[in-house]
Ligand code: 13P
């Protein structure tokens, strides 16, 4: 039985004051145990959030990591630095990084490798655009994205990753994949994972992301291969985030 994971992706949002208020709101009502919970916050706020989450079971994550370990890479942040601030998770290959920062399947695969080698759990994002879906290319696109990552992983590594299916057309748009649409892609992803390691694949958590909200979270997470959510906008409001967590 896979334990569900609900992770907030704050993206480039927040401030010291807003984060303190948001986490206070989440902590006040958070009931331990139902599912695993994490927040992936902007780099400058890792220390603040680490401190605010101390003593809770809410885990901390980052939204990206460097391919490099240390050295002359201006602007980059290494996996070791993230570990030092208590990160357990790191989002890798979010569609916004692919679209706006030119991240390729190759780079994303190597970042995934780096995260695992450093002891972080990568949340590897895959997903098709609207035109790719319209052209009937969803399985090919998403399949290629996951295969690129799997090509650099060993069978054992599957026990150290989380996958997130985030259809690009559903992110921040208010349009959500129907539970059946999402389940179809999740099942395909799990088949690909099974080819690598049948046993571990049944334990890999595959999250759905893309306008997941309190009113659609339950039906999405009820699907057999949907093991939680990667939440953008709704993770910035304590009541909405908690309401999704409750459905996990
Ligand atoms: P929204 O929930 O705002 O659509 O964002 C989803 C997302 O990109 C999470 O990584």
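The values are calculated or read from the model by the stated rules, or taken from the named source; none is laboratory data. Just so you know, these numbers come straight off a predicted model, no measurement behind them. So basically every Cβ, Gly included, is an ideal-geometry build from the backbone, and we count neighbours across all protein chains shown.
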Handout entry: Tabulated pairs, the stretch 52-72, first touching a residue at least 60 places away in the same chain (Cβ under 8 Å), second in a loop (DSSP other than H, G, I, E, B), C-beta under 9 angstrom, 6+ apart or interchain
Key = 61/41; 61/120
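Here is a yes/no grid of residues against (1) at pLDDT 95 or above; (2) assigned to a helix (DSSP H, G or I); (3) touching a strand residue (DSSP E or B) at 6+ places or on another chain (Cβ under 9 Å):
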{"residue": "28", "(1), (2), (3)": "no, yes, no"}
{"residue": "31", "(1), (2), (3)": "no, no, no"}
{"residue": "44", "(1), (2), (3)": "yes, yes, no"}
{"residue": "71", "(1), (2), (3)": "yes, no, no"}
{"residue": "75", "(1), (2), (3)": "yes, no, no"}
Problem - From the options 72, 79, residue that is more than 16 Å from the ligand (Cβ to nearest atom), crowded, with 21+ Cβ neighbours inside 10 Å and farther than 24 Å from residue 233 by Cα - result: 79
Practice task
Look at the stretch 162-219 and say how many of its residues are surrounded by fewer than 16 Cβ atoms within 10 Å (Cβ to Cβ), within 16 Å of the ligand (Cβ to nearest atom), modelled with pLDDT of 95 or more and not in a helix (DSSP H, G or I).
Solution key: 1
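Here are some residues: 97, 114. Which one is away from the ligand (no atom under 16 Å from the Cβ), at pLDDT 95 or above and in a helix (DSSP H, G or I)? If you could, list the steps in order and put the result at the bottom.
On the way: 97 fails: away from the ligand (no atom under 16 Å from the Cβ).
Unique residue meeting the criteria: 114.
Looking at this structure, is residue 159 farther than 21 Å from residue 6 by Cβ and either more than 16 Å from the ligand (Cβ to nearest atom) or free of Cβ contacts under 8 Å to residues at least 40 places away in the same chain (or both)?
On the way: farther than 21 Å from residue 6 by Cβ: no; either more than 16 Å from the ligand (Cβ to nearest atom) or free of Cβ contacts under 8 Å to residues at least 40 places away in the same chain (or both): yes.
No.
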